[in-house]
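The values are calculated or read from the model by the stated rules, or taken from the named source; none is laboratory data. All values derive from a computational prediction rather than experimental measurement. We place every Cβ from the backbone using ideal geometry, glycine too, and count neighbours over all the protein chains shown. Surface accessibility is based on the protein's heavy atoms, side chains included, excluding ligands, DNA and RNA. Shrake-Rupley method; radii C 1.70, N 1.55, O 1.52, S 1.80 Å.
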Amino acid sequence: MTGAAVSAIAVEGIAKSYGGPNVLEDVSLEAVAGEILGIIGPNGSGKTTLFGVISGAHAPSAGRVVLQGRDITDLSAAERAKNGIGRTFQVPQTFSQMSVYENLLVATKFGAGLSDDAAEVLIRETLELCDFTHRTDAQAGELSLLDRKRLELARALATKPAVLLLDEIAGGLTDKEAEGLVATITALAARGIAVIWIEHLVHVLTHAAHRLAVLGEGRIIAAGQPRETMQLPKVRQIYFGMEPEQHDLD
Amino acid sequence: MRLPSINRSFIVLAVIVLFLILVPILGSRSTVNLVAEMAAVLAIALMWNLLAGFGGMVFMGFQVFVGIGGYAVFMAANGFQVLPFPFILLSAALCALTALAIMPILSRLQGAQFAIASWVISEVVRLTVFQTSVLGGGGGISLTAMRSVPRELRMYGTYGSAALVLIVALVVCVFLMRSRVGLALRAIRDNATAAEAMGIDLRRTQRLVMMIAAAVAGAGGGAYYMLALQIGPGTAFSMNWMAITLFVVILGGIGTLEGPIVGVVVYFLLRETLSDLGSVYFILLGLMAILVTLLFPKGAWGGLRQLIGQDLLPIRRNPSESKG
Ligand SMILES: Nc1ncnc2c1ncn2[C@@H]1O[C@H](COP(=O)(O)OP(=O)(O)OP(=O)(O)O)[C@@H](O)[C@H]1O
Ligand SMILES: [Mg+2]
């Protein structure tokens, strides 16, 4: 990605504490339209918290969130969703009493703000894209964990996001399924969506991401071209030092 | 036979409306009064179910709207010495405003705190009415405006008011729950975090539903006390209203539209046949509630639904018939 492109989403000098010490400290990042920005970091380094701050679930203690040039730090999570921020949850938060169809209906009616007819079309497209057409009527609460994660992705897409935040959606997939997922996300980015993708499976991100940022104890400790970033000694140390069983780079 | 779900709702609504029209034509005086009372109670229960069953807002001081609705009719009709019937609109308006006024406090609370706060608010209003002499203080007031009204007009007017409130309550439930607002309400109840992340404004949705429920319940309270001709703070703001509402909604099936309808029929059947038994009647009511909830965790309607195999007033949205 070129530096000349306008940023779709940016965070500037973000700090966040849940009452105790800062969980995020002076975090600045940006992603442009069409870009896939990967984020890795050990457990508890603040990745999910960063998504909470971007999506409006958590208010930061310092810093700003900027969506397409507009400061959205004071907007509610609902307003941000309407303005183009779509997210998935690491622990699936599907509407368990609703059908797959109704889960997507909520996203299209409120997040995307579509009329019934337009919603219908988008839901069908999304179901096909996420390979869910055979499960439309299934109750979300009765799906397997893997299927609920897929529904998370489908539902986030059904809000018609300009910025898509993915929090560990590849865990538990076979290599072949992970490849399919990378292809899907790459295609979405090619349509102009800015994707920020948290994943513990480093090899997935080195395939998919244009850039990689590494979080360590709430700070960005490295960012850049994925393979180069992974070769940095401080990244290897923090990452492989703590997670010896991780997949190696290919 | 499986009809498209909205048509099924229309048929059920039409049957209920037909029943409500036939009662004054065919029924005796006491039947008409009984059905009027049932209609008012059912309207109130449907609205509580809308809040608690669909919206997850367990409003334990719901009698506040019954009381304010009742007092509004009495004060206005007595003040002008005119027919009281149209003033159920005033009841509705006042209760909607009350809901609007208390929502900033309640929307900060959840679960048990919400329930207790709503009950405290109701108690505050009851005590205030108790201390206010213009409102008749502790002794209450009678509907003097009704004295000069001919008996027939009094009966049919009251019945008509209660029946209308019930029809409005049913139509509101069916259409609201199938609408965008109903979808939002179900989503919030299901998973508030996800609902916000999908673009749903929690507070706005809850405030709107709260105002609607308060308005219709207030009109129900107005109709109910027109029938009683007498109102006082001890009864109108009594926790007894909550007991009846809980019985009707939970025994019938909370979080369904059919449940309270079944529940109100069961409640009045028991009351009309057993209330001569005195305190044994209350024990029987309690046992009945326990038994049904043990046998049918989803209420009496949950059991019936298994027999019928389909919802009569469905709210679930399916592809290409989701309009409404
Ligand atoms: N709601 C919360 N309240 C208090 N502390 C929290 C909360 N959420 C997260 N934390 C703490 O903040 C820190 C960062 O957590 P976060 O979930 O953002 O990390 P993460 O990088 O996503 O971890 P993982 O890889 O395990 O998903 C952790 O120490 C965690 O215990
Ligand atoms: Mg996380």
- Query: Please report, for the Cα atoms of the range A:1-92, the Rg to one decimal and the Dmax as a whole number; what are they, in angstrom?
  - Reply: 12.9, 39
- Task: Could you list the chymotrypsin sites (Phe, Trp or Tyr not before Pro) in the range A:5-104 that lie in coil according to DSSP, counting only those with at most 16 other Cβ atoms within 10 Å of their Cβ?
- Result: A:Tyr18
- Computed for the protein assembly as shown: size of charge dipole around the Cα centre, +1 on C-beta of each Lys and Arg, -1 on C-beta of each Asp and Glu, debye to nearest 20, value 1660 debye
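Using only C-alpha atoms and all pairs of different ones, pull out the Kirkwood radius for the range B:127-247 in Å with one decimal.
Details: mean 1/r = 0.0584 Å⁻¹.
Result for the range B:127-247 stands at 17.1 Å.
Give me the percent of Cα-Cα pairs in the protein assembly as shown that sit more than 39 Å apart, rounded to a whole number. Intermediate results must be reported in sequence, preceding the final value.
Numbers: 65477 of 164451 pairs.
Summing the P(r) tail past 39 Å for the protein assembly as shown gives 40 percent.
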- Message: I'd like the carbon and sulfur percentage of the solvent accessible area for the protein assembly as shown, probe radius 1.4 Å, heavy atoms only, ligands and nucleic acids excluded.
- Response: 61 percent
- Taking K and R as +1 and D and E as -1, what net charge do the other residues with C-beta under 11 Å from the C-beta of B:Arg203 add up to? +1
- Dipole of the range A:129-181 (Lys/Arg Cβ +1, Asp/Glu Cβ -1, origin at the Cα centre): which of A:Cys130, A:Ala170, A:Gly180 lies farthest to the positive side? A:Cys130
- Message: Given the range A:129-250, report the % of alpha carbon pairs whose separation exceeds 22 Å.
- Response: 40 percent
- Given the range B:190-267, what whole percent of its Cα pairs are spread farther than 20 Å? 52 percent
- What figure in square angstrom, to the nearest 10, would you give for the accessible area of B:Phe80 with a 1.4 Å probe? 150 Å²
- With +1 on the Cβ of every Lys and Arg and -1 on the Cβ of every Asp and Glu, the dipole magnitude of the range A:85-160 about its Cα centre, in debye rounded to the nearest 20, is 340 debye
- Query: Which values, in whole Å and largest first, are the semi-axes of the equivalent ellipsoid of the range B:11-154 obtained as the square root of 5 times each eigenvalue of the Cα gyration tensor?
  - Reply: 29, 24, 12
- Checked against the positive end of the charge dipole of the range B:244-324 (+1 on Cβ of Lys and Arg, -1 on Cβ of Asp and Glu, about the Cα centre), the farthest of B:Thr245, B:Met288, B:Leu274 is B:Thr245
- Treat each spin label as a single point 7 Å out from the Cα along the C-beta direction, and report the B:Leu291 to A:Glu179 distance in nm. 6.5 nm
- Task: Take the alpha carbon atoms of the range B:214-270, find their center, do the same for the range A:126-153, and report the distance between the two centers in whole angstrom.
- Result: 41 Å
- Report the residues of the range A:192-207 in range of a label on A:Arg227: point 7 Å along Cα→C-beta, backbone N strictly under 20 Å from it. A:201-207
- Item | Of B:Met226, B:Asn318, B:Thr256, farthest towards positive along the dipole that unit charges on Lys, Arg, Asp, Glu beta carbons give the range B:223-324 | B:Asn318
- Extent of chain B along each principal axis, from alpha carbon coordinates, in Å, largest to smallest? 56, 46, 39
- Item | Binned Cα-Cα distance frequencies in the range A:85-160 - 10 Å width, integer % | 23, 59, 18, 0
- Query: Per-residue mean of other chain beta-carbon atoms within 10 angstrom of the beta-carbon, peptide A:66-79?
  - Reply: 2
- Message: Could you tell me what a quarter of the Cα convex hull surface of the range B:107-166 works out to, in nm² with one decimal place?
- Response: 6.7 nm²
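Please compare each pair in A:Lys82/A:Lys234; A:Lys47/A:Lys82; A:Lys160/A:Lys234; A:Lys160/B:Lys298; A:Lys47/B:Lys298 to a cut-off of 31 Å on the Cα-Cα distance and tell me which ones are over it.
Working: A:Lys82/A:Lys234 39 Å; A:Lys47/A:Lys82 23 Å; A:Lys160/A:Lys234 38 Å; A:Lys160/B:Lys298 37 Å; A:Lys47/B:Lys298 41 Å.
Violating the 31 Å limit, Cα to Cα: A:Lys82/A:Lys234; A:Lys160/A:Lys234; A:Lys160/B:Lys298; A:Lys47/B:Lys298.
For the pairing of chain A with chain B, what total accessible surface becomes buried, with a 1.4 angstrom probe, in square angstrom to the nearest 100? Can you show the working numbers first?
Numbers: alone 11510 and 15250 Å², together 24370 Å².
Result for this pair: about 2400 Å² buried.
Just want to confirm a number: the relative contact order over chain A, from Cα pairs under 8 angstrom separated by 6+ residues, in percent. Intermediate values should be presented prior to the final figure.
Values: 487 pairs, mean separation 65.7, N = 250.
Averaging sequence separation for qualifying contacts and normalising by length gives 26 percent for chain A.
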- Message: Taking the alpha-carbon distance from A:Lys176 and a cut-off under 22 Å, which lysines remain once sequence neighbours fewer than 8 residues away in the same chain are dropped?
- Response: A:Lys149
- Message: Taking beta carbons within 10 Å but only from partner chains, what does the mean come to for residues A:81-92?
- Response: 2
- Quick one: Debye curve from the C-alpha atoms of the range B:244-321, no solvent, what's log10 I(q)/I(0) at q = 0.12, 0.13, 0.14 Å⁻¹? -0.37, -0.42, -0.48
- Message: Using the Cα centre of chain A as the reference point, and only Cβ charges (+1 on K/R, -1 on D/E), how large is the resulting charge dipole? Debye, rounded to the nearest 20.
- Response: 480 debye
- Which of A:Glu228, A:Glu102, A:Glu120 fluctuates most in a GNM of chain A (C-alpha springs under 10 Å)? That residue is A:Glu228
- Task: Please identify every one of the trypsin sites (Lys or Arg not before Pro) in the range A:167-241 that sits in a loop by DSSP and has no more than 16 other beta carbons within 10 Å of its own beta carbon.
- Result: A:Arg191
- Restricting attention to the alpha-carbon atoms of the range B:10-54, what are Rg (one decimal) and Dmax (integer), both in Å? 12.6, 37
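Can you give me the relative contact order of chain B as a percent, contacts being Cα pairs under 8 Å and 6 or more apart?
Working: 472 pairs, mean separation 98.5, N = 324.
Relative contact order here is 30 percent.
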- Query: Label-point separation (nm) for A:Leu129 and B:Asp276, each offset 7 Å from Cα along Cα-to-Cβ?
  - Reply: 7.0 nm
- Message: Based on the alpha-carbon set only, what is the convex hull volume of chain A divided per residue, in Å³?
- Response: 127 Å³
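Let's test the formula: R0 of 51 Å, r as the Cβ-Cβ distance of A:Val121 and B:Thr128. What FRET efficiency results, to the nearest 0.05? Mind showing how you got there, number by number?
Details: r = 54 Å, r/R0 = 1.07.
Once the sixth-power term is evaluated, E becomes 0.40.
Return the FRET efficiency for the residue pair B:Thr31, B:Ile308: r is the Cβ-Cβ distance, R0 is 45 Å, and the value is rounded to the nearest 0.05. Show your work: numbers first, answer last.
Details: r = 27 Å, r/R0 = 0.60.
The calculated FRET efficiency here is 0.95.
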